[in-house]
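I have placed the structure first, in the form of structure tokens, so that the comments after it can refer back to it.
The values are calculated or read from the model by the stated rules, or taken from the named source; none is laboratory data. Computed from a predicted structure; not experimentally measured. In this analysis, Cβ positions are derived from the backbone assuming ideal geometry, glycine residues included, and neighbour counts consider all displayed protein chains.
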């Protein structure tokens, strides 16, 4: 056991060495610093933080009730008195609904990727570590899911299971498991053949122990970096499902659903109709650029 | 290489069978009884059993699957619950319309994406590079259904220059190269082209920049080769991976146009899928998904083989 514990640090210096020359601190700290030095990434992080905070604190900062309808004030244009961004097709305050909308829309972008990372990561590490028949079994099933264009799979699954947030969460998770499994499998296969894994195995460490102590520490970085690049896609597809009426159900405030219901008013109030998309766009671009910056920062190690 | 192509072809078969298995399971994943859509409101237990037997739902699952697979292999996807017409005759015209849109969009994005990528890859000016990268990021992260709505607002609502929805006269006859048909194509094609353009611009730029840094380029410069010839060398070396990306993007467009088709009411597979989902028409949904997935697999296969043939360095035994 102690031998296995001694073998563990052997895995680390590979990741740490370049950082140690400059400043102290772990690998992740260094990556964090690098990302924060990138101005574009910093702006994106701030934008995302603002969207997330305003979604979390929506009940306290929103100017109105997100569900209060009024037939008299339908589709007021932006900059109307009391309604800075106007009202929607049922007379609800747009700003309030956009703030509240972040709750569902952001969670639906992050949650599926999170679940898929855990499940796909576990599958990929298992396939990569054990190889042979286990690898065959897992990766061939993954290949089948790869045979579907991602949007098609998400829409078909959500359509079959029926509309609803929970079902669209399931179908989105299913869409993201195969790509994450592939990445996890390929990095694990590389790590498995490293000397320190060999050394750990020679000392009699169990497979579970080797995976948890040696493999996991070295594959988490690449897997997470890849997963982070999927969040932007997840936001677009999940809002897309709501846009098709397959996600959140009315009267819940959700950016995709708002686009869907406001689409009928596109000739009467075009600005109102496209406003929710600006939020989806902002969130998706920010996640994309942030993930790019993260990848650049992580590559220092390679 | 022939061996590789043969193996690659053979490997496609189990994938397609896997695809049919996933599609078959749709019917049993769906909530409720698979026949509830065709049952009258107050059907007696006898009638239910009769209809179940008629559709073969009284058989064990493996038997059901094999029977269904046999029919599918013979081009019989059952009949649509909604229209009672054979699924295949509903799907094929829709696939043709989707393909028409996807091919137009992909041509557009190949032209634009590769040009932008080359310009920024060969330019040593920071501003060119930055603006193309910025455009690419926007192209990749824009929710395309929203972009479609913005296009409608600008060109159809505010400028009244282009039609907002539909396929125009081509909806009822075969598509022809006329202004009226073209007009209906412009907005959806541009919208659909956005993502692949961004992806391509970005990858071409990265690829060219990488090849330009390689040593053989230095050698070519050193021996005094003309710039045009060096350019050709770089293109030749960056082409294979770019081709793979192009193929993948085209394949994604075929299945990914669902959302854009919804925005523009384009009568393609996306429209069909929406209708199938709204009316819980499972045979129609299965048929559409199988046909699209098969196209997707075939496109990937084609790209893989093409890549092996173009790039002699890729040795796949």
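The residue pairs whose first member lies in segment A:141-153 and is more than 7 Å from every other protein chain (Cβ to nearest Cβ) and without any contact (Cβ under 8 Å) to a residue 24 or more places away in the chain, whose second member is buried (at least 20 other Cβ atoms within 10 Å of the Cβ) and part of a helix (DSSP H, G or I), and whose beta carbons are closer than 6 Å, counting only pairs six or more residues apart or on different chains, are A:153/A:175. Here is the figure for segment B:232-283: residues that are free of Cβ contacts under 8 Å to residues at least 12 places away in the same chain, within 12 Å of chain A (Cβ to nearest Cβ) and either outside any helix (DSSP H, G or I) or surrounded by fewer than 18 Cβ atoms within 10 Å (Cβ to Cβ) (or both) total 1.
Would it be correct to say that residue A:156 is buried (at least 24 other Cβ atoms within 10 Å of the Cβ), without any contact (Cβ under 8 Å) to a residue 60 or more places away in the chain, closer than 24 Å to residue B:15 by Cα and within 9 Å of chain B (Cβ to nearest Cβ)?
Details: buried (at least 24 other Cβ atoms within 10 Å of the Cβ): yes; without any contact (Cβ under 8 Å) to a residue 60 or more places away in the chain: yes; closer than 24 Å to residue B:15 by Cα: yes; within 9 Å of chain B (Cβ to nearest Cβ): yes.
Yes.
Just checking, how many residues over segment B:284-301 are within 7 Å of chain A (Cβ to nearest Cβ) and more than 18 Å from residue B:250 (Cβ to Cβ)? Even if it seems obvious, please write down each step before you answer.
Let us first name the residues in segment B:284-301 that are within 7 Å of chain A (Cβ to nearest Cβ), namely B:285, B:289, B:292-293, B:296-297.
If we keep only those that are more than 18 Å from residue B:250 (Cβ to Cβ) as well, we get B:285, B:289.
The qualifying residues number 2.
Restricting attention to segment B:139-154, report how many residues are at the interface with chain A (Cβ under 7 Å from one of its Cβ atoms) and over 20 Å from the mean Cα position of the chain (by Cα).
So the first thing to find is which residues in segment B:139-154 are at the interface with chain A (Cβ under 7 Å from one of its Cβ atoms), and the list is B:140-143, B:145-146, B:149-150, B:152-153.
If we keep only those that are over 20 Å from the mean Cα position of the chain (by Cα) as well, we get B:149-150, B:152-153.
Number satisfying all stated conditions: 4.
Among the residues of segment A:215-252, just one is under 26 Å from residue A:65 (Cβ atoms), in a loop (DSSP other than H, G, I, E, B) and at the interface with chain B (Cβ under 10 Å from one of its Cβ atoms), namely A:245.
Tell me the residue from B:157, B:132, B:119 that is at the interface with chain A (Cβ under 7 Å from one of its Cβ atoms) and in a helix (DSSP H, G or I), please.
Working: B:132 fails: at the interface with chain A (Cβ under 7 Å from one of its Cβ atoms); B:119 fails: at the interface with chain A (Cβ under 7 Å from one of its Cβ atoms).
When all the criteria are applied, what remains is B:157.
Would you check if there is a residue in segment A:83-92 being more than 17 Å from residue A:286 (Cα to Cα), in contact with a helix residue (DSSP H, G or I) (Cβ under 6 Å, 6 or more places away or on another chain), surrounded by fewer than 14 Cβ atoms within 10 Å (Cβ to Cβ) and modelled with pLDDT under 85? Yes - at least one qualifying residue is present in segment A:83-92.
Cβ-Cβ contacts under 6 Å between residues 6 or more apart (or on different chains), taken from a first residue in segment A:287-302 that is within 12 Å of chain B (Cβ to nearest Cβ) and closer than 11 Å to residue A:38 by Cα to a second residue that is surrounded by 21 or more Cβ atoms within 10 Å (Cβ to Cβ) and at pLDDT 90 or above, are listed as A:289/A:44; A:290/A:44.
In segment A:271-283, the qualifying residues are those that are buried (at least 19 other Cβ atoms within 10 Å of the Cβ) and closer than 13 Å to residue B:147 by Cα, and the one that is farthest from the chain's Cα centre (by Cα) is A:273.
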